[in-house]
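Trainee: Here you go, one structure.
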Amino acid sequence: MALIDVPDGHLGAVVTYLEMTERPKPAPLPSSPLRMKAWPNVTPAQYRMLFERVGGRWLWFSRLRMDDPTLAASICELHAVVDRAGVEVGMVELDFAEGGECLIRFLGLVPELAGKGHGEWLMAQTLALAWRKGVSRVHVNTCSLDHPAALPSYLKAGFRAYKRAFESFPDPRLTGLLPRDSAPQVPLAGGPAS
């Protein structure tokens, strides 16, 4: 066994890669007051706002460091999850660039909706969108910094883990990409005035 030091001001996470190579058996969609809407013309500012609202607690930062042209070119098929008032409360981003495959780039709800039974609905909606004609593999990755229910939810939905990796990166709270009070469950360590 070996411990790997994480550089000062960085975070470390175990990434689990998951895949599904068979379409799930048809089942009724769980009910929810939420709904999905395609969001093809999202601006970089709108995207970043929702991305941070959904993922800030889990230290999502990759899209926050992109400039507007890079972000606009990187956004794949985006669906917003909206509540009854039409407010965006979640997101699903699917990438079909690889022939016959769908990569779930991002999937999540705002933290206020966690534990309220919306996850099964969101997963069912996501898989219904991902498993379109011609797709023979749906894959996703999650990390140990993500919501604790993320990995169990993927496994329950029928994904299987096929690979793990360790990643280390500058803490986005110390670089200014996320507010310092984001992800209170992950203590700040190292860097200036931690």
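The values are calculated or read from the model by the stated rules, or taken from the named source; none is laboratory data. Bear in mind the structure is a predicted one, so any value in this text is a computation, not a measurement. FYI the Cβ positions are ideal-geometry reconstructions off the backbone, even for glycines, and counts take in every protein chain you see. Keep in mind that these areas ignore ligands, DNA and RNA; they rest on the heavy atoms of the full protein, side chains included. Shrake-Rupley method; radii C 1.70, N 1.55, O 1.52, S 1.80 Å.
Trainee: Given P152, A189, P179, which one lies farthest toward the positive end of the charge dipole of the stretch 124-193, if we put +1 on the Cβ of every Lys and Arg and -1 on the Cβ of every Asp and Glu?
Mentor: Of the candidates, P152 comes out farthest on the positive side.
Trainee: For a paramagnetic label modelled at 7 Å from the Cα of A73 toward its Cβ, which residues of the stretch 29-55 fall within the zone defined by backbone nitrogen distances under 16 Å?
Mentor: 44
Trainee: What fraction of the DSSP beta bridges in the chain is antiparallel, stated in percent and rounded to the nearest 5?
Mentor: Beta bridges within the chain, antiparallel portion: roughly 90 percent.
Trainee: Once both axes come from the Cα atoms, what is the angle between helix 119-130 and the longest principal axis of the chain, in degrees from 0 to 90, rounded to 10?
Mentor: The angle comes out at about 70 degrees.
Trainee: Then there's this: Please give the Cα centre distance for the stretch 90-165 versus the stretch 7-31, rounded to the nearest Å.
Mentor: Cα centroid of the stretch 90-165 versus Cα centroid of the stretch 7-31: 5 Å apart.
Trainee: Within the stretch 36-99, list the GluC sites (Glu not before Pro) lying in a DSSP loop whose Cβ has at most 16 other Cβ atoms in a 10 Å radius.
Mentor: Answer in residue order: E98.
Trainee: Given H placed 1.01 Å from N in the peptide plane, which residues other than close sequence neighbours of V89 have an amide H under 5 Å from its amide H?
Mentor: V81, V82, D83
Trainee: Would you please name the trypsin sites (Lys or Arg not before Pro) within the stretch 132-186 that are DSSP coil residues with at most 16 other C-beta atoms within 10 Å of their C-beta?
Mentor: Passing both the DSSP loop test and the Cβ count: R132, K133, R180.
Trainee: Over the chain, what relative contact order in percent results from Cα pairs under 8 Å that are six or more residues apart?
Mentor: After rounding, I find 37 percent.
Trainee: While we're looking at this one, here's another question. What do you get for the angle between helix 44-55 and the principal long axis of the chain? Use alpha-carbon atoms, 0 to 90 degrees, nearest ten.
Mentor: That helix lies at roughly 80 degrees to the long axis.
Trainee: Under 5 Å between amide H atoms, partner at least 5 residues away or on a different chain: which partners does F106 have, H built in plane at 1.01 Å?
Mentor: When sequence neighbours closer than 5 places are left aside, the close amide H contacts are E93.
Trainee: By the gyration tensor of its Cα atoms, with a ≥ b ≥ c the square roots of the eigenvalues, what is the shape of the stretch 39-129: rounded for a/c under 1.5, prolate for a/b over b/c, or oblate?
Mentor: Because a/c hits 1.5 or more and a/b fails to exceed b/c, the stretch 39-129 counts as oblate.
Trainee: Separate question: Could you state the accessible area per residue of the chain in Å², with a 1.4 Å probe and every protein chain left in place?
Mentor: I get 55 Å² per residue for the chain.
Trainee: Between T43 and Q185, what is 0.36 nm times their sequence separation minus the Cα-Cα distance? Round to one decimal in nm.
Mentor: Net length gain for the segment: 48.1 nm.
Trainee: So which trypsin sites (Lys or Arg not before Pro) in the stretch 42-117 end up in coil per DSSP with only 15 or fewer other C-beta atoms within 10 Å?
Mentor: Here the trypsin sites (Lys or Arg not before Pro) that fit, given the DSSP loop and packing criteria, are R65, R84, K116.
Trainee: For the chain, with all protein chains present and a 1.4 Å probe, just round the carbon and sulfur fraction of the accessible area to a whole percent.
Mentor: Summing carbon and sulfur atoms, their accessible area is 55 percent of the total for the chain.
Trainee: Could you tell me whether the chain comes out rounded, prolate or oblate from its Cα gyration tensor? Rule is a ≥ b ≥ c as square roots of the eigenvalues, rounded for a/c under 1.5, then prolate if a/b exceeds b/c, otherwise oblate.
Mentor: Prolate.
Trainee: Next question, about the same structure. Determine the shape class of the stretch 114-157: with a ≥ b ≥ c the square roots of the Cα gyration tensor eigenvalues, call it rounded for a/c under 1.5, and otherwise prolate if a/b is greater than b/c, oblate otherwise.
Mentor: Here the stretch 114-157 falls in the oblate category.
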